[in-house]
Amino acid sequence: MDIQLARHGFDDRIRWDPALIRKYDVPGPRYTSYPTALQFTDSFGAREYEQYLLERPPVIGPLSLYVHIPYCRNICYYCACNKIVTRDAAVAERYIVALEKETALLSRHFDRRRRVTQLHWGGGTPTFLSPAELTRLMHGLAKHFSLIDAPEREYSIEIDPRSVDTGTIALLKGLGFNRVSMGIQDFDPAVQRAVNRIQPFDMVENLVDAVREHRFKSMSFDLIYGLPLQSPASMEQTLAKVLALDPDRVSCYSYAHLPEIFSSQRSIDRMALPSADEKLEVLHTIIDTLTDAGYLYVGMDHFVKPQDELAQALHNGTLQRNFQGYSTQLAPELLGIGVSSISSTADLYCQNVKTVDEYYALLEQDKLPVQRGLRLTPDDHLRRDVIMQLICRMGIDTGETGERHGIDFGSHFAREMRSLDAMEHEGLLESEGGQIRVTAAGRPLVRNICMVFDAYLDPSRQRFSRTI
Ligand code: SF4
């Protein structure tokens, strides 16, 4: 069944083919970067990063900043994030001092005139910080980087509805944020109890009203499918509530139950988890319900309203992807600030140390707290280009790609093309005149198509969530 027709000038159809979906439901990366963070190595550390920043030709153009706040007041059992659960609000003070130090050290390598067009605070729970701390942190960034108030800025913050009130929403707008992303996960009280994240509908509704009142440019909801006690019927009820609140964007993430890696997941009752088939049906319900309600499927489990600028970017072929998901812009350099945050430039990725103790120790010695990273090879650049085309444009222009990288696409990727031929035969792709297009049936499986071009995939080291 074609879930949605190409009614907005570009092809946003999805076709749910149960046999194909089952066949391709295997672990795989989400490709917020390529190569993925699994390839970062300790042989690329702070010294290599600083050397690179000192030697690179002057970079102009906008900047993107990401700030990681690792603290949370409560543990959500499904969580796989890098976080520290504590009720001690005093821990934030020292962390903010360290963030300010890191910001100052980093800023020496970046021209002060470069405008910060994208800013994202994630966690953990950024709103673990008090109003005074939120304000201090924003001012600390503004001291060293050119934050802007122009309407094209994308300044977003992740909100845990349990940790904010309507006053905080007003403050965030006043500080310059124009986008919020709310962790909803599921509105069913039984599911919320099973994952230890209780947030009644009224609480979220109140905040949504405040977000509207303060005229944020975009409000996004995050949902998770595959949680204990979820069923297609329970998800229908959650989605009815989501639609009543009318977010601009909805992202839905697959829950991967890996209790051997993430200790908090051991508190989840394994017997209450939906079966693999039920989980797929929950996703099917999400896709059906959101697209029937008029949302467009952007790709990788992201849905937007047709008037949202992401939909326009998809339409214009300018959609981008970064560590926070899809975006309309891609600044040439992204600086990650805070524990575990990732930075990227044209030629490298690097990641900060993952514990606050290491983070504080390095900053006390005036060192950048970078732990690992990698320099991209020409082959990484080429494969990243192909994978980003698939994710953002649902296709590959083999001629243009070959020209950009000085290769003959067909012969360079002879092995990969054989895999694509098999996928074309199954109906995931179609190709004509050097253009490869992901079909309606292939769109839910685009991660699997990307995996064909991933030179590092090693099935024996899989630590990814499943692709569906
Ligand atoms: S899901 Fe978010 S709020 Fe919950 S423990 Fe993890 S990081 Fe904290």
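Would you check if Leu310 is within 25 Å of Val242 (Cα to Cα) and surrounded by 21 or more Cβ atoms within 10 Å (Cβ to Cβ)? Before the answer, list the steps.
Working: within 25 Å of Val242 (Cα to Cα): yes; surrounded by 21 or more Cβ atoms within 10 Å (Cβ to Cβ): yes.
So Leu310 passes the test.
May I ask you to list the residues in the range 147-173 that are within 16 Å of the ligand (Cβ to nearest atom), among the polar types (S, T, N, Q) and either in contact with a helix residue (DSSP H, G or I) (Cβ under 9 Å, 6 or more places away or on another chain) or assigned to a loop (DSSP other than H, G, I, E, B) (or both)?
Residues of the range 147-173 within 16 Å of the ligand (Cβ to nearest atom): 156-164, 168.
Subset that is among the polar types (S, T, N, Q): 156, 163, 168.
Ser163, Thr168 - these are the residues of the range 147-173 that are within 16 Å of the ligand (Cβ to nearest atom), among the polar types (S, T, N, Q) and either in contact with a helix residue (DSSP H, G or I) (Cβ under 9 Å, 6 or more places away or on another chain) or assigned to a loop (DSSP other than H, G, I, E, B) (or both).
For the range 184-216, which positions are under 20 Å from His120 (Cβ atoms) and open to solvent by 10 Å² or more (accessible area, probe 1.4 Å)?
Gln185, His214, Arg215, Phe216
Yes/no matrix, rows are residues, columns are (1) in contact with a Leu (Cβ under 6 Å, 6 or more places away or on another chain); (2) within 16 Å of the ligand (Cβ to nearest atom); (3) in the same structural domain as Arg56 (by TED's automatic domain parsing):
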site: Val116; (1), (2), (3): yes, no, yes
site: Gly123; (1), (2), (3): no, yes, yes
site: Thr135; (1), (2), (3): no, no, yes
site: Gly140; (1), (2), (3): no, no, yes
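Please determine whether any residue of the range 286-294 is open to solvent by 10 Å² or more (accessible area, probe 1.4 Å) and among the aliphatic types (A, V, I, L, M).
Scanning the range 286-294 turns up at least one residue that is open to solvent by 10 Å² or more (accessible area, probe 1.4 Å) and among the aliphatic types (A, V, I, L, M).
Within the range 136-167, how many residues turn out to be within 20 Å of Cys72 (Cα to Cα) and within 24 Å of the chain's Cα centre (by Cα)?
Let us first name the residues in the range 136-167 that are within 20 Å of Cys72 (Cα to Cα), namely 136-138, 156-167.
With the extra rule that they be within 24 Å of the chain's Cα centre (by Cα), the set shrinks to 137-138, 156-164.
Selection size over the range 136-167: 11.
Looking at Glu260, Glu236, which one is out of contact with any His (no Cβ under 8 Å at 6 or more places or on another chain), part of a loop (DSSP other than H, G, I, E, B) and surrounded by fewer than 20 Cβ atoms within 10 Å (Cβ to Cβ)?
On the way: Glu236 fails: part of a loop (DSSP other than H, G, I, E, B).
Only one candidate passes the filter, namely Glu260.
For (1) out of contact with any Asp or Glu (no Cβ under 9 Å at 6 or more places or on another chain); (2) over 23 Å from Val370 (Cα atoms), each residue gets a yes or a no:
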{"residue": "Asn316", "(1), (2)": "yes, yes"}
{"residue": "Thr328", "(1), (2)": "no, yes"}
{"residue": "Pro332", "(1), (2)": "yes, no"}
{"residue": "Gly338", "(1), (2)": "no, no"}
{"residue": "Gln351", "(1), (2)": "yes, no"}
{"residue": "Asp357", "(1), (2)": "yes, no"}
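I'd like to know if the range 355-368 contains one or more residues that are within 23 Å of the chain's Cα centre (by Cα) and charged (D, E, K, R).
The answer is no, given that none of the residues of the range 355-368 is within 23 Å of the chain's Cα centre (by Cα) and charged (D, E, K, R).
Find the residue count for the range 377-391, including only residues that are buried (at least 20 other Cβ atoms within 10 Å of the Cβ) and touching a helix residue (DSSP H, G or I) at 6+ places or on another chain (Cβ under 8 Å).
The qualifying residues number 6.
If we keep just the residues of the range 77-109 that are without any contact (Cβ under 8 Å) to a residue 24 or more places away in the chain and away from the ligand (no atom under 16 Å from the Cβ), which is surrounded by the fewest Cβ atoms within 10 Å (Cβ to Cβ)?
The residue in question is Ala90.
Exactly one condition in (1) more than 24 Å from Arg197 (Cα to Cα); (2) surrounded by 15 or more Cβ atoms within 10 Å (Cβ to Cβ) is not met by Gly317; state its number.
Against the list (1) more than 24 Å from Arg197 (Cα to Cα); (2) surrounded by 15 or more Cβ atoms within 10 Å (Cβ to Cβ), Gly317 comes up short only on (2).
Only one of these conditions is not met by Pro131: (1) surrounded by 15 or more Cβ atoms within 10 Å (Cβ to Cβ); (2) within 25 Å of Gln351 (Cβ to Cβ). Which number is it?
(2)
Suppose the filter is within 15 Å of the ligand (Cβ to nearest atom), at pLDDT 95 or above and within 22 Å of the chain's Cα centre (by Cα); does Ile261 pass it?
Values: within 15 Å of the ligand (Cβ to nearest atom): yes; at pLDDT 95 or above: no; within 22 Å of the chain's Cα centre (by Cα): yes.
No; evaluated as a whole, the condition is false for this residue.
Can you name the residue in the range 67-76 that is open to solvent by less than 10 Å² (accessible area, probe 1.4 Å) and of a type in the set (A, V, I, L, M, F, W, C) and, of all such residues, is nearest to Arg193 (Cα to Cα)?
The selected residue is Ile69.
Report every pair of residues separated by at least 6 positions or lying on different chains whose Cβ atoms are under 7 Å apart, first residue within the range 302-317 and at pLDDT below 90, second assigned to a helix (DSSP H, G or I).
Gly317/Arg393
Output yes when any residue across the range 208-230 is of a type in the set (Ser, Thr, Tyr), at pLDDT 95 or above and within 16 Å of the ligand (Cβ to nearest atom), and no when none is.
The answer is yes, given that some residue of the range 208-230 is of a type in the set (Ser, Thr, Tyr), at pLDDT 95 or above and within 16 Å of the ligand (Cβ to nearest atom).
Residues of the range 47-76 being within 13 Å of the ligand (Cβ to nearest atom) and assigned to a loop (DSSP other than H, G, I, E, B), which ones? First the steps, then the outcome.
The first filter runs over the range 47-76 and keeps only residues within 13 Å of the ligand (Cβ to nearest atom), leaving 68-76.
Result: Pro70, Arg73, Asn74, Ile75, Cys76.
The values are calculated or read from the model by the stated rules, or taken from the named source; none is laboratory data. No experiment lies behind these values; they were computed from the predicted model shown. Don't worry about glycine lacking a Cβ; one is built from the backbone with ideal geometry, like all the others, and counts go over all protein chains shown. Note: areas computed on protein heavy atoms with side chains; ligands, DNA, RNA excluded. Shrake-Rupley method; radii C 1.70, N 1.55, O 1.52, S 1.80 Å.
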